[in-house]
Amino acid sequence: MITYSKDEIMTATDMVRNFSSVLGSLSSGENKRIVVVKNNRFEAVMITIEEYERIYEAVTILERIYDKNKKSIDG
């Protein structure tokens, strides 16, 4: 399980009230991610577009590797 620091966790209400400053903290690198809590449950994670694209690319590569390995085992 991933752990989060206090600085990374924000309620949905606080997110709405402080959206611009939260976005600024991500853009400036002050925070790498912000976890949004609603009704005492982690609901979402806010990251920069650069981080999203990096993660998306990594997942795409892993899916290709998985598919290639699956075909060699099945075939």
Filter the stretch 26-36 for residues that are closer than 18 Å to residue 54 by Cβ, touching a helix residue (DSSP H, G or I) at 6+ places or on another chain (Cβ under 7 Å) and not basic (Lys, Arg); the one that is modelled with the lowest pLDDT is 31
Which pairs do you get when a residue that is over 13 Å from residue 10 (Cβ atoms), found in the stretch 30-59, comes within reach of a residue that is surrounded by 10 or more Cβ atoms within 10 Å (Cβ to Cβ) and basic (Lys, Arg), reach meaning Cβ atoms under 9 angstrom, with the pair 6+ apart or on two chains? 47/32; 47/33; 48/32; 48/33; 51/32; 51/33
Working only within the stretch 8-50, note down all residues that are exposed (fewer than 11 other Cβ atoms within 10 Å of the Cβ) and among the small types (Gly, Ala, Ser). 20, 21, 28, 29
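Rundown of residues vs (1) of a type in the set (Val, Ile, Thr); (2) modelled with pLDDT of 95 or more, yes/no style:
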{"site": "12", "(1), (2)": "no, yes"}
{"site": "15", "(1), (2)": "no, yes"}
{"site": "24", "(1), (2)": "no, yes"}
{"site": "45", "(1), (2)": "yes, yes"}
{"site": "67", "(1), (2)": "no, no"}
{"site": "73", "(1), (2)": "yes, no"}
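The values are calculated or read from the model by the stated rules, or taken from the named source; none is laboratory data. A quick note: this is a predicted structure, and the numbers were derived from the prediction, not measured. Virtual Cβ from ideal backbone geometry, glycine too; neighbours counted across all protein chains shown.
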